[in-house]
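Q: Pasting in a structure now, in structure tokens, and then I'll have a few things to ask.
The values are calculated or read from the model by the stated rules, or taken from the named source; none is laboratory data. In this text, all values refer to a predicted model and were calculated from it rather than measured experimentally. Here Cβ is always computed from backbone atoms with ideal geometry, including for glycine, and neighbour counts include all displayed protein chains. These accessible areas exclude ligands, DNA and RNA; they are computed on the full protein's heavy atoms, side chains included. Shrake-Rupley method; radii C 1.70, N 1.55, O 1.52, S 1.80 Å.
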Number of protein chains: 2
Amino acid sequence: MAGPEIEHLVQLLARLPGLGQRSARRAALTLLKRREQLLAPLAAAMTDAAAKVKTCSVCGNYDSVDPCAICADQRRDPSLICVVEDVASLWAMERSGLFKGRYHVLGGVLSALDGIGPDDLFIDRLVARASAEEVAEVILAMAATVDGQTTAHYLVDRLANCHVAVSGLAQGVPVGGELDYLDDGTIGAALRARRPIA
Amino acid sequence: MAGPEIEHLVQLLARLPGLGQRSARRAALTLLKRREQLLAPLAAAMTDAAAKVKTCSVCGNYDSVDPCAICADQRRDPSLICVVEDVASLWAMERSGLFKGRYHVLGGVLSALDGIGPDDLFIDRLVARASAEEVAEVILAMAATVDGQTTAHYLVDRLANCHVAVSGLAQGVPVGGELDYLDDGTIGAALRARRPIA
Ligand SMILES: [Zn+2]
Ligand SMILES: [Zn+2]
């Protein structure tokens, strides 16, 4: 079709999530059309990220410094650790702007189907962190899926001797979520956790 | 949210077609998770493309050589020029593997709404190419849209003195296309162009 440079670019773009072959071609064409304004800056940004971004050795976040800016931020509460499945979840928590403690990225959840066991996740490291004297509470923020909740139960056991409070995110109706669009599991959880209205 | 390198990467990715803010974040996370296997190779492929890819000065195709490989291919019929709106259409024609002539990329179609007039497209260059003695036929392969067909009509006029045959792609039911999924315009065009079955 096109020259080898362009073909190679399309094939690599097609490996990004959400981009199939067709949308990878469209993305490549946009890049080639805007070589100065978009392709060159994106190439530079990727080269920069590939050279500088590291995985934080404390929490597993991505940043250009290690420990990451969150772990190094003295204004953040060291007594609180929020356990998330992946960096995407960490970013989602940060966007909310509501959590002022620190994080621990597990690197996935336990999954019999995908063959992911405790040794495949950063659980030992979490137990070690939670055992530090400054830590008072570990918040388990895994997804409300079967695997997420299995993982949460396993972590409750593993954290039992760490002398920390262990909590989980509340389940219920999302703010702004119309009941009509919610699955039965969410509605059931919201119903079971119903609260008196003063 | 994340460090400035990562933020910058997400913002540039969000400018690709089909990637909103959310999918740009997902793409960035995939890249950061697979720094060696995907981020570094993609950065290199983009740097390579930004340095090497040019717009063919003859036909408007993208390639690392100018004239492009298609224009330079002596096995392709120089008597046939297929006029396409953009390089995406050129690639689509090439994927079919059925056209063995050369191309001319217009760079868009006439559009009153978008303020695109004849001077914004590579029309003079097409007329000059079509005037060459070796050219016998110009195939107009614009989309079957109002703007595409307006452009085709305008090109028929402009090519009137070039001593070339001017043709257009047939309109009709796409191969494998179920009638139920086709718009009325396509069905109408297919009906008007109906052919006797021997
Ligand atoms: Zn960290
Ligand atoms: Zn060319």
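Q: Hey, can you tell me all the residues within region A:45-63 that are within 12 Å of ligand 1 (Cβ to nearest atom) and of a type outside the set (Val, Ile, Thr)? Reasoning before the result, please.
A: Here is the first cut: in region A:45-63, the residues within 12 Å of ligand 1 (Cβ to nearest atom) are A:54-63.
A:LYS54, A:CYS56, A:SER57, A:CYS59, A:GLY60, A:ASN61, A:TYR62, A:ASP63 - these are the residues of region A:45-63 that are within 12 Å of ligand 1 (Cβ to nearest atom) and of a type outside the set (Val, Ile, Thr).
Q: If you check B:LEU32, B:LEU110, which single one turns out to be within 16 Å of ligand 1 (Cβ to nearest atom), more than 17 Å from A:GLY3 (Cα to Cα) and touching a Leu at 6+ places or on another chain (Cβ under 8 Å)?
A: The match here is B:LEU32.
Q: Does region B:61-84 contain at least one residue that is in contact with a Pro (Cβ under 9 Å, 6 or more places away or on another chain) and among the small types (Gly, Ala, Ser)?
A: Yes, region B:61-84 contains at least one residue that is in contact with a Pro (Cβ under 9 Å, 6 or more places away or on another chain) and among the small types (Gly, Ala, Ser).
Q: Can you name the number of the only condition in (1) outside any helix (DSSP H, G or I); (2) open to solvent by 60 Å² or more (accessible area, probe 1.4 Å); (3) of a type in the set (S, T, N, Q) that B:THR150 fails?
A: For B:THR150, the exception is condition (1).
Q: Here's another thing I want to ask about it. Of A:LEU13, A:LEU31, which residue is crowded, with 17+ Cβ neighbours inside 10 Å and over 28 Å from the mean Cα position of the chain (by Cα)?
A: On the way: A:LEU13 fails: over 28 Å from the mean Cα position of the chain (by Cα).
Going through A:LEU13, A:LEU31 in turn, just one is crowded, with 17+ Cβ neighbours inside 10 Å and over 28 Å from the mean Cα position of the chain (by Cα): A:LEU31.
Q: Exactly one of (1) touching a strand residue (DSSP E or B) at 6+ places or on another chain (Cβ under 7 Å); (2) modelled with pLDDT of 95 or more; (3) among the small types (Gly, Ala, Ser) is unmet by B:ALA128. Its number?
A: (1)
Q: Let me ask something else. For region A:161-172, does any single residue satisfy the condition of being under 19 Å from A:LEU90 (Cα atoms) and open to solvent by less than 40 Å² (accessible area, probe 1.4 Å)? I'd like the intermediate steps shown before the answer.
A: So in region A:161-172, the residues under 19 Å from A:LEU90 (Cα atoms) come out as A:166-171.
Applying the additional criterion that residues be open to solvent by less than 40 Å² (accessible area, probe 1.4 Å) yields A:167.
Scanning region A:161-172, I find at least one residue that is under 19 Å from A:LEU90 (Cα atoms) and open to solvent by less than 40 Å² (accessible area, probe 1.4 Å), so the answer is yes.
Q: Please enumerate the residues belonging to region B:114-144 that are touching a residue at least 12 places away in the same chain (Cβ under 8 Å) and either within 16 Å of ligand 1 (Cβ to nearest atom) or farther than 29 Å from B:ARG75 by Cα (or both).
A: Within region B:114-144, B:PRO118, B:ASP120, B:ALA144 meet the criteria.
Q: Which residues, taken from region A:82-107, are buried (at least 20 other Cβ atoms within 10 Å of the Cβ) and more than 14 Å from ligand 1 (Cβ to nearest atom)?
A: A:GLU85
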